[in-house]
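Laboratory data are not the source of any read-out in this text; all were calculated from the coordinates shown. Because the structure is a prediction, the values reported are computed rather than measured. Every residue, glycine as well, gets a Cβ built from its backbone with ideal geometry; the counts of neighbours run over all protein chains shown.
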Amino acid sequence: MASAALLAVVGMLTAAGAGEAVQSVIAKPSGTLEQLAADQKDCAEVARKVRGGAYGSTPYGAGGTLVVGVLSDGTILGDTTRACLAERGWASVALTKSEASAFNALGGPARDRWLEAFYAGDISERVKAALPEPFHPLPPLRDGPYRVGALTLDPDSFALPAGVVRPKDVVMTGSASHRAVARLTRPLDSKVGFGHVKAPAGALFQQMDYSGGRGPPAWCGAANPNLTWCFWDMGRSYDVSTWPGRDWLAGAIFVSTGSLRAPEPPLHTVSPISLELVDGDPLGPVDITLEVLAVKPTSVLLQAVGHRGKARMMFWHGELPVGADGTARLSTWSRVLVLTPSGGGVMARWEPASDGAGWPLR
């Protein structure tokens, strides 16, 4: 039983097919085949939950988990099992030519005895060198009022225009700072799907969240002038996706229903990401506008846009229902923005907030 479990793991890690010589074995100092069989059984259950979506899905409903520090040549099931075994001290140790020759010349119980003797030997440094680097957790969510996506809005800066605001015009202006900023403490260089995530030490990442604290926040860094890579900390792995944005603002994905969601993350390995929170806002302030997209008989569609120079990035989109009193309302924590449809547009005014709620995120 133990041999069968062991060979299944060895085959997964070496991609060795039937009849192929084994070049590496799963090992840990003073381990036993009985321990390996038990750990493999437990880790297979962890992997099954990952594949089934019960473990490691993003708060936006996208499936898939990125396993850290392991090979990316297998399935997600194999990747996750490898990472789980590594957490328990098991590593894929390459055999020397003489060791591989001796092991492959044996069969059945003789292989078990060879492995037990190998585990009892001086293999600590070899196992240590073969273990993947431990997972690096990302900084936790910085939550609170006036936070939307990657920004913290400044309520004292909000200003409303006079008169009727028509579609494609601005109904509110203001400014914002970033929710949180962290610095990459060492270079990041990983292949993800067909892309390549590469950033130097010192690169700045911005925290973004549209889950309202119901899931982990994303940390987004620039991939090119109009695209960011965003990472979610899933506990022992990262989910990752390309995301619309700029180096100064991670944006939001526009969906016709008004929801904000992540695309399907690719299932590939990334190296550990080491981020350190920085004080202040080194990415600098962002001017914001709230714009009217459409005025319907039963609703008003809005979008919020960040501005820097001539560049724009949408970071929020919502559809507000027109209530029985003939107004659409957007709570801005300390006040309520009241929009009254008029002349094909809306008239805007403030009312005191009753519940302190913020902008709807889902």
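Within straight-line reach of residue 128, meaning a Cα separation under 20 Å, sit the following aspartates and glutamates at least 8 residues removed in sequence or on another chain: 39, 79, 87, 99, 116.
Cα-based values for segment 106-178, radius of gyration first and Dmax second, are 30.9, 88 Å.
Near residue 317, the amide H atoms lying under 5 Å from its own belong to 304; only residues 5 or more places off or on other chains count, and H is placed 1.01 Å from N. Working note: Cα gyration tensor of segment 147-352, eigenvalues times five, square-rooted, sorted largest first, giving semi-axes of 35, 17, 14 Å. With a threshold of 29 Å on the Cα-Cα distance, the over-threshold entries among 28/97; 97/198; 168/198 are 97/198; 168/198. Measuring r between the beta carbons of residue 276 and residue 342 and using R0 = 45 Å, the FRET efficiency lands at 0.35. Note on segment 301-362 and segment 127-181: Cα centroid distance 17 Å, given to the nearest whole angstrom.
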